[in-house]
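The values are calculated or read from the model by the stated rules, or taken from the named source; none is laboratory data. All figures in this text were calculated on a predicted structure; none of them were measured in a lab. Cβ atoms come from the backbone with ideal geometry, glycine included; neighbour counts cover every protein chain shown. Only protein heavy atoms, including side chains, enter the accessible area calculation; ligands, DNA and RNA are left aside. Shrake-Rupley method; radii C 1.70, N 1.55, O 1.52, S 1.80 Å.
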Amino acid sequence: MGNFCGSLAPQPTKKRPTKRPLNPPSSASSSKIWTRGRSSRKEKPDASLTQQQILAAAILFQQHHGRDPFDRTSSLRYPKSGSKNTNALPRSSSTRARSLTDPMLQPHQLVAQNVKLEDIETNHFVLVHGGGFGAWCWYKTIALLEEGGYKATAIDLTGSGVHSFDPNRITSLSQYVQPLTDFLEKLADGEKVILVGHDFGGACIAYAMELFPSRIAKAIFIAAAMLSNGQSTLDMFSHQAGADDLMQQAQTFSYANGNDHPPTAINFEKSLLRDIFFQKSPAKDVALASVSMRPIPFAPILEKLCLSESKYGSIGRFYIETPEDNAIPITLQESMMNKSPPQQVFRLKGADHSPFFSKPQALNKLLVDISKIKTRS
């Protein structure tokens, strides 16, 4: 999603011809949750959905039977001891092995070392996608986590992925996030999860953290909007856009309520998806995204979050930086962390905006490492 919002705040939006909504209006359906090898959908999928699921399954099969070598370059950033500036970004210290070779490991070898699941607060990750994405984008992450003994649940937010609701009809952040809040509300008493948010999913998990602090052990922001109290996603990104910004070139707006009303959704030009989100990702994953991404509802990005220290602030937050990010530049990521410092910051070297595609095993290692960290009391 990134800094497309910057083109909306400073000046009035140029009116464009009204676009027909991509999906016919329908009533909001219940939460659509994907886990590997199992679907919660009961209705008969249409042809386009079937095509997407077949493609995702084929890619997952290829990943299991012919894994590509991966780069385990990641670094942990930690606060400088004795520093008086509490808002300063912590220094970086690489965790990469001091070796000229980086031999490929199988996922179970990578995540099983020194991991005792009974010693961690929870082994259940709940994965929340970014704007335009869906639960489908986490297929590699789900596979790797489950092979390490973890539980992973990826959720389609309203109007995303296979969720059938029309994005143009979403009028609030609470409506957009409802599949996530419904899931958290149904957790058993005493059960906790680790929330993981990507891109606009960062604002979504923050909203859920304020509602269900006792059910969330940790929150991990991956190249995500990490907002402060009283901020909207539009506020955060409005300072980044330039006159010839790539994001502005790629975006188009839908006006389902007519050209004399605000936009209802944001679309991206498919020919520019790679340059914005996936410039370091495999071609097969870019192909999957090109047939799976959906419009981003406009109203939720305008909504200001109400975040309190007693609820949102009581949950340990961790941030994973993506230094090669063209959608949310590293400068903007660091600006967000300076304003609202997380407990720890990690960096995925060489990662684009979609590390679940470009650095899946390095990302998995960081998620596992974070699951073992004790949060501040």
How would you rank 361-369, 187-195, 245-253, 153-161, highest first, on the average number of other Cβ atoms within 10 Å across their residues?
-> 153-161, 361-369, 245-253, 187-195
Per residue value of the accessible surface for the stretch 181-267 (all protein chains in place, 1.4 Å probe), Å² = 34
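Let's test the formula: R0 of 25 Å, r as the Cβ-Cβ distance of residue 249 and residue 335. What FRET efficiency results, to the nearest 0.05?
The pair residue 249/residue 335 has a calculated efficiency of 0.60.
Taking a ≥ b ≥ c as the square roots of the eigenvalues of the Cα gyration tensor of the stretch 194-233, is the shape rounded (a/c under 1.5), prolate (a/b larger than b/c) or oblate?
oblate
For an R0 of 51 angstrom, estimate the FRET efficiency from the Cβ-Cβ distance between residue 284 and residue 310 and round to the nearest 0.05. Each step should come with its number before you reach the end.
Working: r = 45 Å, r/R0 = 0.89.
It comes out at approximately 0.65.
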Fraction of accessible area attributable to carbon and sulfur, the stretch 248-377 (%, probe 1.4 Å) | 49
Return the distance in nm (one decimal) between the two label points of a simple spin-label model at residue 191 and residue 121, each offset 7 Å from Cα along Cα→Cβ.
-> 1.8
Accessible area per residue, 1.4 Å probe, Å², for the stretch 281-377: what's the number?
-> 33
Please give the contour-minus-distance gain from residue 302 to residue 214: 0.36 nm per residue of separation, less the Cα-Cα distance, rounded to one decimal in nm.
-> 29.0 nm
Anything over 27 Å Cα to Cα? Flag those among 304/374; 304/339; 192/365; 140/218; 151/311, in the order listed.
-> 304/374
To the nearest Å, what is the center-to-center distance of the stretch 322-377 and the stretch 138-193, using C-alpha atoms only?
-> 20
